[in-house]
Amino acid sequence: MDHEIINATEEDREELLSLYAMQRGREGCPWSDDYPSDETIDFDLSRDALFVMKKDGIITAAISIDEDEEVNRLECWDRSLSPLGELSRLAVLPEEQNKGLGRIMLRFGMDELKRLGYKGIHIIVNKYNTKALRSYAVFGFRTVGECHMYEQDFLCYEKEL
């Protein structure tokens, strides 16, 4: 596989917005016309926290290291795993799905969090997103709770890095 994973840049913005838009309406995807947005990309780029997988110069997948205080405040997280990092906004081009790219991006994100000194990782996943739930199970994430945020029902997953 000749994919490379690199930090996203401002030049990737329009392609990222398009990739995010392609996810909307897919089974279990909680994204809306308002999220992820230009502001979300600004936030990620400002922290060097947005990564893209490219093949032949085309973005095939993306993932972000997130900082969401509302998610961080959830009571279900195991504080002994602090500092806990969060991955979010994992997206794969529809025509590239079911080829393992999401799992490659997850592994990359977890490795990046570990490199940055995080001891654990937490993720909230729409409880109806069966594809994502299967992927997280493969990596040994534990379900530690449920929450209702952003007008959606989520499962809370965490794992030691």
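Entry remark, the stretch 115-126: residues being surrounded by 15 or more Cβ atoms within 10 Å (Cβ to Cβ) and not in a strand (DSSP E or B) number 2 in total. Among the residues making up the stretch 34-59, a single one is among the basic types (Lys, Arg) and surrounded by 16 or more Cβ atoms within 10 Å (Cβ to Cβ): LYS54.
Taken over the stretch 90-104, the residue count meeting the criterion of being of a type in the set (D, E, K, R) and either in a loop (DSSP other than H, G, I, E, B) or touching a helix residue (DSSP H, G or I) at 6+ places or on another chain (Cβ under 7 Å) (or both) is 2. All of (1) among the basic types (Lys, Arg); (2) surrounded by fewer than 16 Cβ atoms within 10 Å (Cβ to Cβ); (3) touching a helix residue (DSSP H, G or I) at 6+ places or on another chain (Cβ under 9 Å) hold for LYS159 with one exception: (2). Meeting the requirement of 1 or more residues that are over 24 Å from TYR118 (Cβ atoms) and of a type outside the set (Asp, Glu), the helices (runs of 4 or more DSSP H) wholly within the stretch 11-74 are 13-23. All of (1) over 18 Å from GLY28 (Cα atoms); (2) without any contact (Cβ under 8 Å) to a residue 60 or more places away in the chain; (3) surrounded by fewer than 19 Cβ atoms within 10 Å (Cβ to Cβ) hold for LEU81 with one exception: (2).
Laboratory data are not the source of any read-out in this text; all were calculated from the coordinates shown. Just so you know, these numbers come straight off a predicted model, no measurement behind them. Positions of Cβ are generated from backbone atoms using ideal geometry, with glycine treated the same way; all protein chains shown enter the neighbour counts.
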